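J.: Okay, here's the structure, questions in a sec.
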Amino acid sequence: MYYFAYGSNMLTSRLARRVPSVRPVGPAWLDGHRLYWHLRGADGSGKCNIVATGNDGDCVHGVLFELDPDRLSRLHAAEGPAYEFLETAVGTANEEVIAATYRGRENWLDDSLAVLDWYRDFVVQGARAHGLPSAWVDWLADTPVRADDDAARAADNRAILIEQPTNAL
């Protein structure tokens, strides 16, 4: 099955920790949507979310991956109750495909949330590694962040930024 990642799961090492095997397919986009950093994560900080706008000029860039649909339980657990799992049409360089993705549930959204620096770095590094448009990567990198007060959590997550996953095909 295809999976459209637009947040921290664009970083292959992050996604590879969450699913048994992962195969990056390449850049993809979701028209008629905007990206926000307003979903309340388990740590209380802002995480990425897609919001349908219906405006043809709005677009969220992301990465298309191929995953084994019978082994998604760990990914669902990692995303948690804040997200609903759905299928949608995404564009690729060759064709439009149906891909699964996550969208934040309304009662988990809060525009006042701060984004942690390491989380923003997951998103930016994933976007850059998969060749997303430079203007999109620059926009992601300009997201205001705060340092994580939990030094151990920050160190654990920063380690993921330099991992080379063995289960990425």
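Every number in this text was worked out from the coordinates using simple rules, so none of it is lab data. Since the model is a prediction, treat every value here as computed from it, not as a measurement. Here the Cβ positions follow ideal geometry from the backbone for every residue, glycine too, while neighbour counts run over all protein chains shown.
J.: Once the other residues with Cβ under 13 Å from the Cβ of Asp56 are scored (Lys, Arg +1; Asp, Glu -1), what is the net sum?
T.: Working: positive: Arg34; negative: Asp31, Asp58.
Net of charged neighbours comes to -1.
J.: Using the beta-carbon distance between Ala152 and Ala93 and R0 = 35 Å, what value does 1/(1 + (r/R0)^6) give for FRET efficiency, to the nearest 0.05?
T.: It comes to 0.30.
J.: Note down the nm distance, to one decimal, between modelled labels 7 Å out along Cα→Cβ at Ser134 and at Leu161.
T.: Result for the modelled spin labels: 2.2 nm.
J.: If you restrict to DSSP beta bridges whose two residues both lie in the chain, what percentage is antiparallel, to the nearest 5?
T.: Percentage antiparallel, nearest 5: 90.
J.: When you take every Cα atom in the chain, what is the radius of gyration, and what is Dmax, the widest Cα pair distance, in Å?
T.: So, for the chain, Rg and Dmax equal 14.9, 44 Å respectively.
J.: Could you work out the helix-only [θ] at 222 nm for the chain, with each DSSP H run of four or more residues adding -39,500 (n - 2.57) and the total divided by the number of residues, to the nearest 500 deg cm²/dmol?
T.: -7500 deg cm²/dmol
J.: Mind giving me the nanometre distance, one decimal, between the label points for Arg23 and Asn107, set 7 Å out from Cα along Cα→Cβ?
T.: 3.9 nm
J.: Still on this structure: Report ³J(HN,Hα) in whole Hz for each residue of the range 130-139, in order, from the Karplus equation J = 6.51 cos²θ - 1.76 cosθ + 1.60 where θ = phi - 60°; Gly and Pro get x.
T.: Using θ = phi - 60°, the values come out as 9, x, 5, x, 4, 5, 5, 4, 4, 4 Hz.
J.: Oh, and also: Determine by what factor the alpha-carbon radius of gyration of the range 60-132 differs from 2.2 N^0.38 Å, reporting the quotient.
T.: Against the compact-globule rule of thumb, the ratio is 1.25.
J.: Where the centre of each part is set by its Cα atoms, how far does the range 116-132 sit from the range 13-44, in angstrom?
T.: Cα centroid of the range 116-132 versus Cα centroid of the range 13-44: 10 Å apart.
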